[in-house]
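The values are calculated or read from the model by the stated rules, or taken from the named source; none is laboratory data. Computed from a prediction, not measured in an experiment: that's the story for all the values here. Virtual Cβ from ideal backbone geometry, glycine too; neighbours counted across all protein chains shown.
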Amino acid sequence: MTTWMQELPIDDRVDALLLEMTLAEKVGQLNQPANVSPGPDRDALAAGRIGSSLYASGALGGNVRDEGLSIRAIEQCQRIAVEESRLGIPVLFGRDVIHGHRTVFPIPLGLAAAWDAELVERLCDVAGAEAVREGVAWTFAPMVDISEEPRWGRVAEGFGESPALSGRLGMAAVTGFQRHIGATAKHFVGYGLAAGGRDYESVQVGENTLRNLHLRTFKAAVDAGVLSVMASFNDIDGTPMHANRRLIREVLKQEWGFDGVVVADWSGIGQLVDHGVAADARDAARQGLLAGVDLDMASGVYLAHLESLVGDGEVPPDLLDDAVRRVLRMKFRLGLFDDPYPRTTADPIGPTAATRALAREAAVASMVLVANDGVLPLSDEVESLHLTGPFVDEGEALLGTWVLDGRGADVSSPLVAFTELLGDRLTHTDGRFSDLAAHRTRAAAVTVALLGEHPSRSGEANSVADLGLPAGQLEALKQLCGLGKPVVAVVFGGRPLDLAEVLRVASAVVVAWHPGTEAGPALADVLFGRREPSGRLPMTFPRSTGHVPSSVHARATSRVLDFTRDAWDGRYLDALTQPQLPFGHGLSYTTFRHGEPVASASEVPLGGQVEVRVPVTNTGERAGRELVQLYLHDPVAEVTRPKLELLDWQWLDLAPGETGTAVFTIGTDAFGYFGRDLTWRVDQGLVRLITGHDATASAAVEVRIVAAEADE
Ligand code: BGC
């Protein structure tokens, strides 16, 4: 690039470069093979045939580790592209940096339980900073798929079932990552609706539901300036997303004005053949490009066929140019033309003391105390404590799914953290439960049982048909609980599990997800009350597997019109219908009383704002944090709407006896939705604003939306 060009706006630089490119070079920019290396790929790099590459261990990269990144290989590849190719266009190197890089934070579902966008932004900033120093320019995160399907293993990778929460955390992740590397909102769209929770399955959903629930988080990410969006593996009502021109080209690109890159998921374009909608790889390439998928991850079909497709007039050259422009624009936006090489330094990449402190803070904030008969918090003075279960001395298994660069050896395990605290007052049994565990349970003042899922039971392609604990764990827990001593159950996992029996037998239950590098110390902080538990469930925990889907978004139906808790009942003959643990649930070591919400006005003109204030009192004897949740119920709309829709939330830190006030300022746009004609509307009429501790909240204030005030 000549220096005068560097002064031009990005789009002018892109256009100038495009004019110089041959058809083969353009196609090269749309080709993203995995794991390029300077030896075997030298010729392709020098010929400008590799626009991007991702480093992954294969199609199921979240489950299998690779040997780690080689900064040297990345740098050498980049030198070949920049110094030896005709136009010197740098390669865009991607990697899945999902919930941390070297320092591992809780899995995204756990992070969502912290209900803290600022925290997510900070830790994605750290992850991006660690990754960029190893040559990574782009991550395939955040996942903002909405899912009400805990059988689907990938709920671990997302921020839960609420578009409001997931959208806001997704925006924060984009902002944090993009201080250093490009981010990707994935998977566009509807992937979380996979039939039966079986990964990659078909999706049947109408566009109204897509718009009102599933597209919202992607719109939020686009509004936050996300540089790329990844297409999803599923079809929607018969049209695979990698061929879905309506949703990708028309909605995402045209309607929303998204001018970044749409990247395929792994081999997603080539797999149009497997879907049975493309006759062969060439046909798949044609459909992918026409639909608006710009970059071909791992299938190679663009490289093999786009030149002839354009030559034969089957792909219009302007659509090809549009895709190339997007890829080049992203490279300019990331500054790769000016600074293409990894920014290596002598300092350790991580974890450092500072990143560990953040990982600990995040892990503490993610843990949800869901039941407690008073056994928690444990006293530092406890006479004896028995730590048991399959995760006692684990590092690696507490990192969670999709950890490519964090190391189990860096994890402070529960055993290490508890030993530090208790010394010889701690006994432990690890691995499988045993008779020895029973002896030690009987001998100890309290037992902490670490149960739940190994990460290999969550994440991509790891769906389950049964939400119960893995085989044998519940039986063992029951046996220990039958010994008459208090047992605290800590449940690790990547999804809402069926905890009905655990709740029945244990003295206290903590949902700890997969907490990451600082798993042990964070758990000790929460159990010993050095930090107050403050996590709140970002997904409903259903009463049983047969209750799925069970979410906060249940809609008004033709019968059971009454909007009260009782209305949940009567749908099954053999069980209650209410969730086992509702969305938003989470206890503290103190108690709170929520007062009635008060609105600043009973009428709000369209386009105006209303303020809702809710007094909350700490009625216990400890300081604590309460999350005040604000929900919307719209009793009359053009389409059926959720009985409850989370609008906003606020944390209050309250001393014993203190009363604080949560203040929500809500614009009338927050009451809008997509109507029958799929356009956005905000109706006049009554809405109910409901506030409280979780999705069983019922304190409400009514507000009437009226016509906008006429201009003076
Ligand atoms: C996953 C994506 C991931 C990609 C690259 C795919 O199998 O669905 O979420 O980003 O692989 O590793």
Residue hits (the stretch 333-342; closer than 23 Å to Ile248 by Cβ and buried (at least 21 other Cβ atoms within 10 Å of the Cβ)) are Leu334
Qualifying residues in the stretch 39-60 (those that are more than 31 Å from the chain's Cα centre (by Cα) and crowded, with 17+ Cβ neighbours inside 10 Å) - the one farthest from Arg325 (Cα to Cα): Asp41
Within the bounds of the stretch 162-179, is there any residue that is in a loop (DSSP other than H, G, I, E, B), closer than 22 Å to Asn234 by Cβ and within 16 Å of the ligand (Cβ to nearest atom)? no
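Name the one entry in Ala185, Ala221 that is among the aliphatic types (A, V, I, L, M), surrounded by 24 or more Cβ atoms within 10 Å (Cβ to Cβ), at pLDDT 95 or above and not in a strand (DSSP E or B).
Step by step, each of Ala185, Ala221 is checked, and only Ala221 is among the aliphatic types (A, V, I, L, M), surrounded by 24 or more Cβ atoms within 10 Å (Cβ to Cβ), at pLDDT 95 or above and not in a strand (DSSP E or B).
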Suppose the filter is over 25 Å from Thr209 (Cβ atoms) and in contact with a helix residue (DSSP H, G or I) (Cβ under 6 Å, 6 or more places away or on another chain); does Pro533 pass it? yes
Out of everything in the stretch 446-479 that is within 16 Å of the ligand (Cβ to nearest atom) and not small (Gly, Ala, Ser), what residue ends up being surrounded by the most Cβ atoms within 10 Å (Cβ to Cβ)? Pro455
Considering only the stretch 258-272, I want to know if a residue exists there that is surrounded by fewer than 18 Cβ atoms within 10 Å (Cβ to Cβ) and touching a residue at least 24 places away in the same chain (Cβ under 8 Å). yes
Of the residues in the stretch 39-57, those that are away from the ligand (no atom under 16 Å from the Cβ) and either in contact with a Phe, Trp or Tyr (Cβ under 9 Å, 6 or more places away or on another chain) or of a type in the set (Val, Ile, Thr) (or both) number 1
Restricted to the stretch 1-55, and to residues that are of a type in the set (Val, Ile, Thr) and at pLDDT 95 or above, which residue is farthest from Glu83 (Cα to Cα)? Ile10
Tell me yes or no: at least one residue of the stretch 609-619 is within 28 Å of the chain's Cα centre (by Cα) and acidic (Asp, Glu). no
Criterion violated by Val205 - all others in (1) touching a residue at least 60 places away in the same chain (Cβ under 8 Å); (2) under 21 Å from Leu252 (Cβ atoms); (3) in a loop (DSSP other than H, G, I, E, B); (4) of a type outside the set (Lys, Arg) satisfied: (1)
If we keep just the residues of the stretch 146-161 that are part of a loop (DSSP other than H, G, I, E, B) and under 16 Å from Trp402 (Cα atoms), which is nearest to the ligand (Cβ to nearest atom)? Gly158
Across the stretch 17-42, the tally of residues that are of a type in the set (Val, Ile, Thr) and touching a residue at least 60 places away in the same chain (Cβ under 8 Å) stands at 1
Restricting attention to the stretch 224-243, which residues are in a loop (DSSP other than H, G, I, E, B) and within 16 Å of the ligand (Cβ to nearest atom)? Val226, Leu227, Ser232, Phe233, Asn234
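Okay, residues lined up against (1) in contact with a Lys or Arg (Cβ under 6 Å, 6 or more places away or on another chain); (2) at pLDDT 95 or above; (3) not in a helix (DSSP H, G or I):
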| residue | (1), (2), (3) |
| --- | --- |
| Leu319 | no, yes, no |
| Thr345 | no, no, yes |
| Leu376 | no, yes, yes |
| Glu383 | no, yes, yes |
| Leu387 | no, yes, yes |
| Val392 | no, yes, yes |
Can you tell me which residue within the stretch 95-131, out of those that are in contact (Cβ under 8 Å) with a residue 60 or more places away in the chain and acidic (Asp, Glu), is surrounded by the most Cβ atoms within 10 Å (Cβ to Cβ)? Glu130
Filter result for the condition that a residue is free of Cβ contacts under 8 Å to residues at least 60 places away in the same chain and crowded, with 18+ Cβ neighbours inside 10 Å, over Asp410, Asp430, Asp405: Asp430
When you check Glu709 against the structure, is it assigned to a strand (DSSP E or B), in contact with a strand residue (DSSP E or B) (Cβ under 7 Å, 6 or more places away or on another chain) and acidic (Asp, Glu), yes or no? no
From the list Val91, Val36, exactly one residue is closer than 21 Å to Val132 by Cα, surrounded by 21 or more Cβ atoms within 10 Å (Cβ to Cβ), outside the structural domain of His514 (by TED's automatic domain parsing) and away from the ligand (no atom under 15 Å from the Cβ). Which is it? Val91
Taking the stretch 296-327 and the residues there that are buried (at least 16 other Cβ atoms within 10 Å of the Cβ) and at positive phi, the one that is nearest to the ligand (Cβ to nearest atom) would be Ala298
The stretch 590-609, residues that are more than 24 Å from Gly160 (Cβ to Cβ) and either modelled with pLDDT under 95 or outside any strand (DSSP E or B) (or both): Thr590, Thr591, Gly595, Glu596, Ser600, Ala601, Ser602, Leu606, Gly607, Gly608
The strands (runs of 3 or more DSSP E) lying entirely within the stretch 622-672 that contain at least 2 residues which are within 25 Å of the chain's Cα centre (by Cα) are 624-633, 645-654
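On the given criteria, is Lys485 within 29 Å of Leu109 (Cα to Cα) and basic (Lys, Arg)?
In short, no.
Which residue out of Glu83, Glu67, Glu134 is part of a loop (DSSP other than H, G, I, E, B) and free of Cβ contacts under 8 Å to residues at least 12 places away in the same chain? Even if it seems obvious, please write down each step before you answer.
On the way: Glu83 fails: part of a loop (DSSP other than H, G, I, E, B); Glu134 fails: free of Cβ contacts under 8 Å to residues at least 12 places away in the same chain.
Going through Glu83, Glu67, Glu134 in turn, just one is part of a loop (DSSP other than H, G, I, E, B) and free of Cβ contacts under 8 Å to residues at least 12 places away in the same chain: Glu67.
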Conditions: (1) within 16 Å of the ligand (Cβ to nearest atom); (2) surrounded by fewer than 24 Cβ atoms within 10 Å (Cβ to Cβ). Asn208 meets all but one. Number of the miss? (1)
Can you confirm whether Arg325 is under 28 Å from the mean Cα position of the chain (by Cα) and not β-branched (Val, Ile, Thr)? no
Extreme residue, nearest to the ligand (Cβ to nearest atom), among residues of the stretch 249-268 that are of a type in the set (Phe, Trp, Tyr) and over 14 Å from Ser52 (Cα atoms): Phe258
Which numbered condition in (1) within 15 Å of the ligand (Cβ to nearest atom); (2) over 16 Å from Val36 (Cβ atoms) is the only one that Leu69 fails? (2)
Please count how many residues of the stretch 673-684 are surrounded by 13 or more Cβ atoms within 10 Å (Cβ to Cβ) and in a strand (DSSP E or B). 3
Filter the stretch 567-626 down to the residues that are hydroxyl-bearing (Ser, Thr, Tyr), under 28 Å from His547 (Cβ atoms) and in contact (Cβ under 8 Å) with a residue 40 or more places away in the chain and list them by number. Ser588
